[in-house]
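Reviewing the structure listed below.
The values are calculated or read from the model by the stated rules, or taken from the named source; none is laboratory data. Owing to the predicted nature of the structure, the values given are computational and were not obtained by experimental measurement. FYI the Cβ positions are ideal-geometry reconstructions off the backbone, even for glycines, and counts take in every protein chain you see.
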Amino acid sequence: MPTPDRDGWTVETLHDDYAQALREDRILYDNKTDHQRLRVFENARFGRVLTLDGVVQTTEGDEFMYHEMLAHVPILAHGAAQRVLVIGGGDGGMAREVLRHQSVDHCTMVEIDAGVVDFSKEFLPALSDGVFDDPRLNLVIADGAAFMAEDHEKFDVIIVDSTDPIGPGEVLFTDTFYGHARRLLTADGILVTQNGVPFMQPDELRGTMRAFRALFPDHGCYLTHVPSYAGGPMALGWGAMSGKARAVDPVTLQGRYAAAGITTRYYTPEVHKAAFALPAYIAALLT
Ligand code: SAM
């Protein structure tokens with residue numbers, strides 16, 4: 001097995017007993033910001049790959065499977081989302097998907113590391129695809145936990161597109177943070193969260209679900225599949241102020257999707273509904 005950052009491979013450092021390795025066909029960027037080490041390299045299968053502190057964050061090849069499901073499920077389930085908050089999301093992919101909805105007239109994105117935004121514009125332009133120039137986007141460079149503790153106009157959807165609960169991302173997995181998110185949601189608001197790969201990180205999902213049970217009338221998770229997030233299906237946390245959004249019927253969902261006029265490569269209304277069907281080993285983490 002090649003060693004990390006040598007021999008022309010990146011060996012991911014997320015787990016202490018398992019690693020995936022991606023061949024570095026061309027290194028495009030490798031630098032430390034005040035918060036984390038940023039690397040972008042090209043890989044024949046995944047295209048351009050972004051790692052933060054050695055952990056794969058997003059790749060051009062499979063980012064759509066993650067960004068589409070974390071953006072379109074809550075927005076289309078809500079049905080009338082106008083104000084959306086993204087915590088993290090420095091590469092711009094989440095904001096790109098959110099603002100494809102013409103019904104969304106405001107998206108605040110709170111990213112702790114300006115370095116991720118700056119170099120994503122230069123080295124991963126396909127991810128943001130011009131969204132940083134969208135007049136509806138309000139980019140805030142700050143710690144998402146600090147932002148969430150302040151008073152703001154409420155949001156219909158809050159999306160936590162963070163790193164894993166290590167380093168700067170750790171504060172985004174706390175009861176306090178989730179409690180502030182609930183305070184900033186509208187009456188039918190929905191909070192969705194990047195919650196890792198349950199087979200590899202069961203405690204991450206277990207912890208978030210424990211907090212959501214205490215905070216949200218409708219709580220649970222749904223699934224997507226992102227090959228570069230190794231280890232099986234990925235859980236996306238779901239905390240809603242009412243059960244209406246999750247219960248939306250397939251015909252209504254299909255109508256909303258058609259009306260949105262967006263083309264997707266992973267999301268479909270059928271996949272949306274099916275994503276909430278959990279294998280027993282994942283459902284067990286919710287109780
Ligand atoms: N899609 C990735 C995943 O599933 O792991 C996350 C992508 S995005 C690159 C993660 C972003 O969260 C990074 O840009 C990182 O700087 C940002 N981030 C980490 N901790 C944060 C915090 N406390 N407040 C705001 N942004 C944070």
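Residues of segment 45-58 that are more than 12 Å from the ligand (Cβ to nearest atom) and at pLDDT 95 or above: Arg45, Phe46, Gly47, Arg48. Against the criterion of being touching a Cys at 6+ places or on another chain (Cβ under 9 Å) and assigned by TED's automatic domain parsing to the domain that holds Thr163, Pro279 does not qualify. Within segment 134-156, residues that are closer than 18 Å to Leu191 by Cβ sit with their Cβ atoms under 6 Å from residues that are of a type in the set (Val, Ile, Thr) and away from the ligand (no atom under 12 Å from the Cβ), at 6+ positions apart or across chains, in these pairs: Lys154/Thr186; Asp156/Thr186. Every residue in segment 19-44 that is at pLDDT 95 or above and of a type in the set (Phe, Trp, Tyr), please. Listed by number, the list holds a single entry, Phe41.
Applying the criterion of being over 22 Å from Leu285 (Cβ atoms) and without any contact (Cβ under 8 Å) to a residue 60 or more places away in the chain to the residues of segment 172-185, the residue that is nearest to the ligand (Cβ to nearest atom) is His180. Taking segment 159-201 as the range and being in contact with a Ser or Thr (Cβ under 7 Å, 6 or more places away or on another chain) and not in a loop (DSSP other than H, G, I, E, B) as the test, the residues that pass are Val160, Gly169, Leu172, Phe173, Asp188, Thr193, Gln194.
Return a yes/no flag: does segment 103-117 have any residue that is more than 14 Å from the ligand (Cβ to nearest atom), in contact with a helix residue (DSSP H, G or I) (Cβ under 9 Å, 6 or more places away or on another chain) and in contact (Cβ under 8 Å) with a residue 60 or more places away in the chain. Looking for residues that are more than 14 Å from the ligand (Cβ to nearest atom), in contact with a helix residue (DSSP H, G or I) (Cβ under 9 Å, 6 or more places away or on another chain) and in contact (Cβ under 8 Å) with a residue 60 or more places away in the chain, one finds at least one in segment 103-117, hence yes.
Yes or no, residue by residue, for (1) buried (at least 17 other Cβ atoms within 10 Å of the Cβ); (2) of a type outside the set (D, E, K, R); (3) modelled with pLDDT under 95; (4) part of a helix (DSSP H, G or I):
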residue	(1), (2), (3), (4)
Gln102	no, yes, no, no
Cys107	yes, yes, no, no
Asp118	no, no, yes, yes
Ala126	no, yes, yes, yes
Asn138	no, yes, no, no
Ala146	no, yes, no, yes
Glu153	no, no, no, no
Val157	yes, yes, no, no
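Is there a residue in segment 84-99 that is among the charged types (D, E, K, R), more than 30 Å from Glu42 (Cβ to Cβ) and outside any strand (DSSP E or B)? For segment 84-99, residues among the charged types (D, E, K, R), more than 30 Å from Glu42 (Cβ to Cβ) and outside any strand (DSSP E or B): absent.
Looking at Ala187, Ala142, which one is modelled with pLDDT of 95 or more, closer than 21 Å to Asp34 by Cβ and over 17 Å from the mean Cα position of the chain (by Cα)?
Values: Ala187 fails: closer than 21 Å to Asp34 by Cβ.
Checking each option against the conditions leaves just Ala142.
For segment 235-247, does any single residue satisfy the condition of being in a helix (DSSP H, G or I), surrounded by 14 or more Cβ atoms within 10 Å (Cβ to Cβ) and of a type in the set (D, E, K, R)? Looking for residues that are in a helix (DSSP H, G or I), surrounded by 14 or more Cβ atoms within 10 Å (Cβ to Cβ) and of a type in the set (D, E, K, R), one finds none in segment 235-247, hence no. Looking across segment 53-70 at every residue that is part of a loop (DSSP other than H, G, I, E, B) and touching a Ser or Thr at 6+ places or on another chain (Cβ under 9 Å), the one that is nearest to Ala230 (Cα to Cα) is identified as Asp62.
Residues in segment 149-186 that are among the aromatic types (Phe, Trp, Tyr) and either farther than 17 Å from Arg206 by Cα or not assigned by TED's automatic domain parsing to the domain that holds Asp113 (or both): Phe155 only. With respect to the conditions (1) touching a residue at least 24 places away in the same chain (Cβ under 8 Å); (2) touching a Lys or Arg at 6+ places or on another chain (Cβ under 6 Å); (3) assigned to a strand (DSSP E or B), Leu50 lacks only one, and its number is (2). Taken over segment 181-197, the residue count meeting the criterion of being within 20 Å of Arg210 (Cα to Cα) and either among the charged types (D, E, K, R) or surrounded by fewer than 18 Cβ atoms within 10 Å (Cβ to Cβ) (or both) is 2. You will find that of Gly79, Gly88, Gly61, the residue that is within 11 Å of the ligand (Cβ to nearest atom) and in contact (Cβ under 8 Å) with a residue 60 or more places away in the chain is Gly88 and no other.
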